[in-house]
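A short write-up of the structure that comes next.
Read the figures in this text as sums done on the coordinates, not as results from a lab. Only a predicted model underlies this, so the values are computations on that prediction, with no experimental measurement involved. Here the Cβ positions follow ideal geometry from the backbone for every residue, glycine too, while neighbour counts run over all protein chains shown.
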Amino acid sequence: MPSTVPELSMLSFVPDEMPDPAPYHLLTSIVAPRPIAWVSTISAEGIPNLAPYSFYNAVAGFPPTILFSVSYRRKEPKEKDTLRNVKEIDEFVCHVVDETMSESMIQTAIDFPHEVSEFETANLKAVPSVDVRPFRIAEAPVAMECKVTQIVPVEGATNVMVLGRVLRFHIREDLYRKDLGLVDTMQMKPITRLGGPIEYTKIGELFALKIPTV
Ligand SMILES: Cc1cc2nc3c(=O)[nH]c(=O)nc-3n(C[C@H](O)[C@H](O)[C@H](O)COP(=O)(O)O)c2cc1C
C-alpha cells in the first residue's frame, strides 16, 4: 500500500563534493549531543596532560570499555599530546565535565606545547590515581581509570581511535544511586557538545521508555 505520509523536502550533500571542513561540521551537528571525555594522560618523562574529546562513547559493558578518537593536527601532521602519551604510557583517566567545570575544560583544549601541564594552566588539582599512572582531576564528579586495549587508525581519516578498559570508577558520593547501582545522571549535570566550535547543551528533561515485549 503506498504511504500516505507527505514527502519531506530534503537537501542532500556528498562529503567528497563539500569544501573542507564542511563535512566535519555537518556530521558533528547531526551526531549530537555528544558526551565529552576529559582525558588525563602522562608522558614517559612524567608530564601530565589534559584534553577534551567529544568523539567519545561507551563501546562495551563487560568489561566496561570506552573509546575516544583523536585527530592529527591537520595543518601540520603532528600527533596531539594525548595520542603521543597513550602510545608511551598505555593508560588514561576519563572524566565527566559537569556544568561547573566548562570554563576549566575549555582551557585544556588550548594547544599548549608538550612540556606544559594543563592541570597547571587550568588551575585544576591533580590527585594520584589508584591503578594507573595518569592523574585524576580532584574536582571532577566522575573519573574512570582506564588501561588502553587498542589504538586503531580510522581508515582514510586523520583520526585514531583509542579504546580503554575501565579498571576503576570514581563516583562523587552524593551522585551514587545505591539502590540501582547507577549514577544520578540528572544530578551529575554533564555538559554535552553540539555542532560548530562553540555550541554546548545542558542535560534536558527526563522521561521513561521501555522496550515492549513480543
Ligand atoms: C569540547 C571539545 C571536544 C573536542 N573533541 C575532540 C575530539 O573528539 N577529537 C580531537 O582530536 N580533538 C577534539 N577536541 C580538540 C582537542 O581537545 C584539542 O586539540 C587539544 O588541544 C588536544 O590536546 P592535546 O594535544 O594536549 O592532546 C575537542 C575540543 C573541545 C573543546
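Compute the distance in nm between two label points, each set 7 Å from the Cα along the Cα-to-Cβ direction, one at Leu194 and one at Ile110.
Placing both labels 7 Å along Cα→Cβ, they lie 2.7 nm apart.
Where both residues lie in region 17-201, what percent of DSSP beta bridges are antiparallel, nearest 5? Can you show the working numbers first?
Numbers: 46 of 46 bridges.
Taking every DSSP beta bridge within region 17-201, about 100 percent pair in antiparallel fashion.
With springs only between Cα atoms under 10 Å apart, run a GNM on the chain and tell me which of Leu11, Leu180, Leu83 wobbles the most.
Leu11
When the label point is put 7 Å from the Cα of Val127 along its Cα-to-beta-carbon vector, which residues of region 169-183 have a backbone N closer than 16 Å?
Inside the label zone: 169-176.
Would you kindly compute the Cα radius of gyration of region 151-214 and its largest Cα-Cα separation (Dmax), both in Å?
17.4, 46
Output the Cα-based Rg and Dmax of region 1-115 in Å, rounding Rg to one decimal and Dmax to a whole number.
Cα radius of gyration and Dmax of region 1-115 are 18.7, 68 Å respectively.
Once phi is turned into ³J(HN,Hα) by the Karplus curve 6.51 cos²θ - 1.76 cosθ + 1.60 with θ = phi - 60°, what whole-Hz value does each residue of region 100-114 show in order, with x for glycine and proline?
Running phi through 6.51 cos²θ - 1.76 cosθ + 1.60 with θ = phi - 60° gives 6, 10, 4, 5, 5, 4, 5, 4, 7, 8, 5, 7, 7, x, 3 Hz.
Put a dot 7 Å past each Cα toward the Cβ at Leu11 and Gln150; how far apart are the dots in nm?
Each label point lies 7 Å from its Cα, and together they span 3.6 nm.
Can you compute log10 of I(q)/I(0) for the chain with the Debye formula, treating each Cα as one identical point scatterer, at q = 0.08, 0.11, 0.15 Å⁻¹?
-0.33, -0.60, -1.04
Under 11 Å from a point placed 7 Å out from the Cα of Lys78 along the Cα-to-Cβ direction: which residues of region 102-143 have their backbone N that close?
111-115, by backbone N distance to the label point.
When ranked by the protection proxy of mean other Cβ atoms within 10 Å per residue, highest first, what sequence do the peptides 21-32, 51-62, 196-207 form?
For the peptides 21-32, 51-62, 196-207, the packing ranking is 51-62, 21-32, 196-207.
Describe numerically, in nm with one decimal, the distance between label points set 7 Å from Cα along Cα→Cβ at Glu120 and at Glu139.
1.8
Go through region 185-191 residue by residue and turn each phi into a ³J(HN,Hα) via Karplus (6.51, -1.76, 1.60, θ = phi - 60°); whole Hz please, and just put x for glycine and proline.
Once rounded to whole Hz, the list reads 5, 4, 6, 5, 6, x, 9.
Quick one: among Thr41, Thr185, Thr82, which has the greatest mean-square fluctuation in a GNM of the chain with alpha-carbon springs under 10 angstrom?
Thr185
Taking θ as phi - 60°, what are the ³J(HN,Hα) couplings along region 29-42 by the Karplus curve (6.51, -1.76, 1.60), each to the nearest whole Hz, with x for Gly and Pro?
7, 8, 7, 7, x, 9, x, 10, 8, 9, 9, 9, 9, 9
Taking springs between alpha-carbon atoms closer than 10 angstrom, which of Pro134, Pro64, Pro33 fluctuates most in the Gaussian network model of the chain?
Looking only at Pro134, Pro64, Pro33, the largest GNM fluctuation is found for Pro64.
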